[in-house]
Amino acid sequence: MSVDLVSEIERLKKERNAVILAHNYQVGEVQDVADMVGDSLGLSREAAETDADVIVFCGVYFMAETAKILSPEKTVLIPDPNARCNMAAMIDVEGLRALKAKHPSAQVVCYVNTTADIKAECDACCTSANAVDVVEGLDADEIIFVPDKYLCAFVEKQLKERGVKKKMIPWQGFCPTHLRIIPNYLKALKEKHPGARIITHPECTPDTNRLADAVLSTSKMSKFAAESDAKEIIVGTEVGMLHRLQTDNPGKKFTSATELAVCPNMKLITLQKVYESLRDMKFEVEVEEEIAKKATKAIDRMMEFTG
Ligand code: CIZ
Ligand code: SF4
């Protein structure tokens with residue numbers, strides 16, 4: 001790691017009164033220079049509570065937009081504006097409006113992995129940690145769920161287990177990175193490490209998730225790793241998560257389900273770009289006021305079901 005870069009980032013951070021947020025999927029050295037590491041909504045909410053003037057969001061674009069929505073008075077920067085979520089790019093406003101027109105009595109729930117203009121079109125937002133509670137809580141028999149068809153399948157399964165009947169209408173999006181975590185990798189690792197627990201993410205396919213001991217969002221993975229008595233854990237999500245888990249739990253062993261589970265967009269953020277971001281105050285993330293207002297409503301609605 002370049003020590004100069006780290007100390008320069010530290011110096012600029014003070015000068016700008018900035019906080020650096022790193023998503024769990026960031027490379028280790030970016031996580032290490034951050035003030036907070038976590039999931040997109042948790043980070044955005046935490047940053048809103050600080051008196052920082054500037055937020056540097058090390059993650060993908062929709063996450064920086066979420067931070068801006070929750071902190072409209074702060075300057076929000078993303079070190080590389082090309083870091084876009086492939087799943088979030090699978091849906092557009094026009095297509096969503098067409099689907100809504102087809103199902104006029106449905107309520108619309110969007111995963112947090114959506115751009116602000118999609119959030120603005122929805123009744124409630126959700127994370128992978130609270131999706132089931134949000135869908136169950138909404139007063140509607142039909143739910144349009146966007147953009148992740150696998151998270152939708154996960155929600156459907158959990159609703160069934162709770163005895164809740166709702167018709168789910170999924171958008172056919174998915175995360176290409178989580179799709180790479182195929183069942184055969186988990187089967188092979190299970191044989192090789194018989195004492196290990198397997199955790200996977202709801203963005204994985206149902207076939208993959210069937211092989212897991214628990215299907216968890218990244219924040220719940222952190223909690224599981226800290227609280228579980230398992231000494232060895234196989235992790236089925238983006239590989240950056242391993243750094244976070246290993247740093248927080250040095251006495252435990254974490255193995256990635258596959259080293260192929262790399263999000264190329266998350267990896268566009270480097271220490272050099274974080275430094276340049278603070279140095280040149282780039283790239284500023286803005287959300288149009290009207291869009292931000294509507295997106296805030298969807299986020300607030302989610303909070304009603306989660307607290
Ligand atoms: O919202 C997030 O941060 C994502 C993409 C994943 C998770 O499970 O936390
Ligand atoms: Fe999007 Fe998948 Fe990357 Fe997460 S891992 S930011 S869902 S493409």
Next item on the list: Please work out if ALA101 is out of contact with any strand residue (DSSP E or B) (no Cβ under 7 Å at 6 or more places or on another chain), away from ligand 2 (no atom under 16 Å from the Cβ) and open to solvent by 10 Å² or more (accessible area, probe 1.4 Å).
Entry: yes
Item checked: Scope the range 141-166; condition under 21 Å from CYS85 (Cα atoms) and among the charged types (D, E, K, R); matching residues -> ASP148, LYS149
Check: Any chance the range 245-254 includes a residue that's free of Cβ contacts under 8 Å to residues at least 60 places away in the same chain, touching a Phe, Trp or Tyr at 6+ places or on another chain (Cβ under 6 Å), farther than 30 Å from GLU156 by Cα and open to solvent by 10 Å² or more (accessible area, probe 1.4 Å)?
Finding: yes
Notebook entry, point to check: Only one residue in VAL135, VAL76 is in contact with a helix residue (DSSP H, G or I) (Cβ under 7 Å, 6 or more places away or on another chain) and without any contact (Cβ under 8 Å) to a residue 60 or more places away in the chain. Which one?
Noted result: VAL135
Notebook entry, point to check: Which members of the range 1-43 meet the condition of being of a type in the set (Asp, Glu) and closer than 24 Å to TYR111 by Cβ?
Noted result: ASP39
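Of a type outside the set (D, E, K, R), over 28 Å from ILE198 (Cα atoms), touching a Ser or Thr at 6+ places or on another chain (Cβ under 8 Å) and surrounded by fewer than 19 Cβ atoms within 10 Å (Cβ to Cβ): does that describe MET303?
Answer is no for this residue.
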Item checked: Spans of helices (runs of 4 or more DSSP H) in the range 141-241 with at least 3 residues surrounded by fewer than 18 Cβ atoms within 10 Å (Cβ to Cβ) -> 149-162, 183-192, 218-227
Item checked: Criterion violated by LEU260 - all others in (1) aliphatic (A, V, I, L, M); (2) part of a loop (DSSP other than H, G, I, E, B); (3) open to solvent by 60 Å² or more (accessible area, probe 1.4 Å); (4) free of Cβ contacts under 8 Å to residues at least 40 places away in the same chain satisfied -> (4)
Check: Restricting the range 104-136 to residues that are more than 14 Å from ligand 1 (Cβ to nearest atom), under 13 Å from TRP171 (Cβ atoms) and not in a helix (DSSP H, G or I), which is most open to solvent (accessible area, probe 1.4 Å)?
Finding: GLU121
Next item on the list: Looking only at the range 258-270, decide whether some residue is within 16 Å of ligand 2 (Cβ to nearest atom) and among the small types (Gly, Ala, Ser).
Entry: yes
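The values are calculated or read from the model by the stated rules, or taken from the named source; none is laboratory data. On a predicted model such as this, the values are computed, not experimentally measured, just so you know. A quick note on method: Cβ atoms are made from the backbone with ideal geometry, for glycine too, and the neighbour counts reach across all protein chains shown. The area values use the complete protein model at the heavy-atom level, side chains included, leaving out ligands, DNA and RNA. Shrake-Rupley method; radii C 1.70, N 1.55, O 1.52, S 1.80 Å.
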